[in-house]
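Reviewing the structure listed below.
The values are calculated or read from the model by the stated rules, or taken from the named source; none is laboratory data. Only a predicted model underlies this, so the values are computations on that prediction, with no experimental measurement involved. Cβ atoms come from the backbone with ideal geometry, glycine included; neighbour counts cover every protein chain shown. With ligands, DNA and RNA removed, areas are computed over all heavy atoms of the protein, side chains included. Shrake-Rupley method; radii C 1.70, N 1.55, O 1.52, S 1.80 Å.
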Amino acid sequence: MEHFEIAVIGAGLAGSLAALAFADTGRSVALIAPATGKADGRTTALMDQSLTLVHQLGLWEAVAPLAAPLSSMRIIDGTNRLLRAPTVTFHAAEVGLEAFGYNIPNAPFLALLEQEAEKRQSLTRMTASLTAVEFETDRAILALDDGSSLTASLVIGADGRRSGVRDAAGIEVRNWSYPQSALVLNFSHQVPHQTISTEFHTPHGPFTQVPLPGGLRSSLVWVQKPEDNGETLALSADALGLAVEQRMQSMLGKVTIDGTPQSFPLSGMAAKSFGKGRAILIGEAAHAFPPIGAQGLNLSLRDIMAAVSLLGSSPVPEDFGARYDRKRRADILSRTVSVDLLNRSLLSDFLPVQMLRAAGLQALASVAPFRNLMMREGINPGSALQSLRTTLREKISRKSA
């Protein structure tokens, strides 16, 4: 059996980027997944920290023509409740950036990553499905559905919510569901988006418009009750375009739907451990939550960067999974909890919850230092706490002097 240092299971965005990142460290990598199926009509907003990895992999020059900058992000209370929050707009320039990130359509991004994988001599693409993994002290033995087998020092599960790697490693998960479904589509509009992303908070979830390249196209994630989602999905293209325009208060003018909308039920999942022995989990094999604040893939890319930095140039230790779990736990759990609480606050009719949410957005709208702190935290997790510590130390030092 051929031996690889790293075996990545799953060739979605997270798995493909992980394979490229480890291959670029000089390690032998196997990227294992069946052939790509139905085209993914969604888009991904990569934020500033995630773009660091894209640049390190030498991908930005090819990605840039596909991407639209997100120079401003706006939150609008689209509810009719008694306590409505003010509109909050975050400008990247306030924190010294040209853009918070860039929105990229998934389908051409995946095609680009497939082409890049072929260029890496240390990366072998295996078009097959994993059927079994047996973990031993010094290696893992993997069996594929084409009858072949291989061994690896580390197995990376990037194989989604029904992860075979996670099951084989004996890692349990916690699942929860929401009374929501997400409608995903792309659309053209008459008024330029000016690189502004707008998120309407509605009683049934966020309605999020994100710019696409060219100025007159955007992507949309519209979260609704499942029954409303079904009715919306059944609309004709013209009727759906009108519904989107009305929900956006016509701020982008007339809307024309591009392509075929897709729908996904919303649920959440978190693995009880993010690594064990010679297995680690990234992406939706480790965590999944509603599409709020562009957190999903950005969290996955932090998984990848953490794994690469933790391993360094050393041989894969027997307890690498446990080390990775400790390194990733705080970031993953804090993001999962914050997104879950925000989503549930939109659904809640409990007046104190509405008051807290409105007060928080009011503070963001009116207190510039607080808004800047939260922007930096969104871009670089952990930076808000570090900034507070630095400020406190400086104040204490001045008083001591």
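For the reader, a short list of remarks on this structure follows.
- Residue-by-residue Karplus 3J(HN,Hα) for segment 91-99, coefficients 6.51, -1.76, 1.60, Hz, glycine and proline x: 10, 4, 4, 5, 10, x, 10, 6, 7
- Rounded D (µm²/s) - segment 46-203, Kirkwood Rh over Cα pairs, Stokes-Einstein at 25 °C, 0.890 mPa s: 121
- Per residue accessible area of segment 1-154, 1.4 Å probe, in Å²: 43
- Here the 3J(HN,Hα) profile of segment 206-218, calculated from phi with Karplus coefficients 6.51, -1.76 and 1.60 at θ = phi - 60°, is x, 10, 10, 9, 10, x, 10, x, x, x, 10, 9, 9 Hz, Gly and Pro shown as x.
- Accessible surface of segment 132-219 [probe 1.4 Å, protein heavy atoms]: carbon and sulfur percent: 47
- Amide H contacts under 5 Å for Gly277, placed H, 5+ residues apart: Gly321, Ala322
- Maximal additional length on extending the His55-Arg162 stretch stands at 35.5 nm, based on 0.36 nm per residue less the C-alpha distance.
- In a fully extended conformation the segment linking Thr137 and Ser334 would gain 67.7 nm over its present Cα-Cα distance, using 0.36 nm per residue.
- For the pair Ala64 and Asp238, label points projected 7 Å from Cα toward Cβ lie 4.2 nm apart.
- A full extension of the chain between Ser314 and Gln249 corresponds to an added length of 17.8 nm, given 0.36 nm per residue minus the alpha carbon distance.
- For the pair Thr127 and Thr25, label points projected 7 Å from Cα toward Cβ lie 2.9 nm apart.
- Long-range amide H partners of Thr202 with built H, under 5 Å: Gly78, Phe207
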